[in-house]
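To start, the structure under review is shown below, and the notes come after it.
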Amino acid sequence: VTTPDTDPDTASRVLVAAASIPVSDAEAAGFAAAYPALRAQADALYLSLWTEAADTGLCCPAFGFSASFPALPDALPGEDAR
Amino acid sequence: MTTLTTAPAGAAPAGAVATVESVAAAMRAGTLTSTALTRTLLDRIASSNERLGAYFTVCAETAMAAAAAVDEAFAAGIEHGPLQGVPLAIKDIIATQDAPTTANGITGLKTTFGRVPKNGVVSLADTLDSVGPMARSALDCALLLEAIAGDHPGDPYAADTPVPAHALLVTTGAEAMSGGLRVAIPTGYFFDCEELDYEARAGGVLVAVEVLAAAGARATPVDVPHCEEAKSANNVIGGAEALARHRPDLSTRWLDYGRNTRTNLARGAMFSAADYVQAQPYQRQTDWHLQPVAVR
């Protein structure tokens, strides 16, 4: 299935049009070419730092909270341990 | 009054390549007037700007009138500070995106965010922009920074912290370094970055560190984690903020922007509001990791 997210040309054209930016065809092609790398940069932000914080119990004041999660019990009250 | 020295054919006229320090001293010694210096620079602009396109607006009449007033102040013994009579040019913060700006033979200073108020500046990215001096020497940059740094009610990001005597620190550099100037060397990403070749690293940063260390500075390697992600966050934040700031003009005056500039500004459309929010912790985290560096 091809969605706007996976088709760089469609996705970038939709986004540029949504911003009311009057690009030429050549410029639209440039955005389409750059789109995968730009999305990869943005998508990477959803992964490493938060995952690492949760995995390592990192406590970082920059986040404004502690990521030192207490160990969960084997089973919550009323829940089957399986 | 002393007329500016005639320059060799083909060379820039004297004064056009002089330092702030030297022309300010000459004006106070009565060997140079602001009027003569300003006229020389305006003539140079007139003769080369068509070829270089370096100046968008030249305020010749205003500059000459200001220079004449300054010369009268000098004659009356009125002192307005170290930049009195020195002509200045203002560069748009985004005016370099269409052209390479390295190896230009001048000294530039990337100031700490908030050190210089930005009201009146055409913004690129509100939470990332910093403005600073570009001049012939480190001392000239220090003189200019002292004049433009400080808090200002027109910029909510301007830092309410005292402005050090930068020029004095530069002129007494050896003593300052022997007194414990600290230089943090960010290891890891900054030296592993594939975009920088070895010559750029060894020939630039490391040699500069050696010079500073030989003069008495303490060089300390520091680890700043998550730099790769911080760079991505910087691109997202910068792209989104630039689009937000320029979107009305990009929509209606697209071709008035330079080709590379307009496409760089518009790439912020590729990011979502969620991307922008997700980038914020990286900005705060990088700032958090760099805070201790400033006091080591």
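Values for this structure:
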| item | result |
| --- | --- |
| Subset of the range B:145-158 [without any contact (Cβ under 8 Å) to a residue 60 or more places away in the chain and either part of a helix (DSSP H, G or I) or on the phi < 0 side of the Ramachandran plot (or both)] | B:Leu145, B:Ile148, B:Ala149, B:Asp151, B:His152, B:Pro153, B:Gly154, B:Asp155, B:Pro156, B:Tyr157, B:Ala158 |
| B:Asp126 being loosely packed, with under 12 Cβ neighbours inside 10 Å, outside any helix (DSSP H, G or I), of a type in the set (Asp, Glu) and at pLDDT 90 or above | no |
| Scan of the range B:238-260 for residues that are surrounded by 15 or more Cβ atoms within 10 Å (Cβ to Cβ) and at the interface with another protein chain (Cβ under 9 Å from one of its Cβ atoms), ordered by number | B:Gly239, B:Leu243, B:Arg247, B:Leu250, B:Trp254 |
| Subset of the range B:171-208 that is part of a loop (DSSP other than H, G, I, E, B) and aliphatic (A, V, I, L, M) - its residue that is modelled with the highest pLDDT | B:Leu181 |
| Filter result (in a loop (DSSP other than H, G, I, E, B), surrounded by 15 or more Cβ atoms within 10 Å (Cβ to Cβ) and among the hydrophobic types (A, V, I, L, M, F, W, C)) within the range B:60-94 | B:Leu83, B:Val86, B:Ile93, B:Ile94 |
| Residues located in the range B:119-144, provided they are in contact (Cβ under 8 Å) with a residue 40 or more places away in the chain, of a type in the set (Ser, Thr, Tyr) and closer than 30 Å to B:Thr171 by Cβ | B:Ser137 |
| Count of residues meeting criterion [in contact (Cβ under 8 Å) with a residue 40 or more places away in the chain, more than 18 Å from B:Asp92 (Cα to Cα) and not small (Gly, Ala, Ser)] in the range B:232-277 | 4 |
| Candidates B:Ala18, B:Ala67 - the one that is modelled with pLDDT of 95 or more, closer than 13 Å to B:Gly85 by Cβ and not β-branched (Val, Ile, Thr) | B:Ala67 |
| Close pairs (7 angstrom Cβ cut-off, 6 or more residues apart or separate chains): on the phi > 0 side of the Ramachandran plot and at the interface with chain B (Cβ under 7 Å from one of its Cβ atoms) in the range A:15-39, exposed (fewer than 14 other Cβ atoms within 10 Å of the Cβ) and in a helix (DSSP H, G or I) anywhere | A:Ser20/B:Ser251 |
| Qualifying residue in the range B:203-221 (condition: more than 20 Å from A:Arg13 (Cβ to Cβ), touching a helix residue (DSSP H, G or I) at 6+ places or on another chain (Cβ under 8 Å) and within 13 Å of chain A (Cβ to nearest Cβ)) | no |
| Residue check, B:Asn264 at the interface with chain A (Cβ under 8 Å from one of its Cβ atoms) and within 25 Å of the chain's Cα centre (by Cα) | no |
| Pair list, Cβ < 6 Å and 6+ apart or interchain, from the range B:208-227 residues that are farther than 30 Å from A:Tyr46 by Cα to residues that are β-branched (Val, Ile, Thr) and in a helix (DSSP H, G or I) | B:Ala219/B:Val209 |
| Filtered residue count, the range B:54-87, keeping only those that are touching a Leu at 6+ places or on another chain (Cβ under 6 Å) and not small (Gly, Ala, Ser) | 2 |
| Matching residues, the range B:225-236, being in a helix (DSSP H, G or I) and at the interface with chain A (Cβ under 10 Å from one of its Cβ atoms) | B:Glu228, B:Glu229, B:Ala230, B:Lys231, B:Ser232, B:Ala233, B:Asn234, B:Asn235, B:Val236 |
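The values are calculated or read from the model by the stated rules, or taken from the named source; none is laboratory data. Treat the numbers as computed from the prediction; the structure is a model and nothing was measured. Cβ coordinates were reconstructed from backbone atoms using ideal geometry, including for glycine residues, and neighbour counts include every protein chain displayed.
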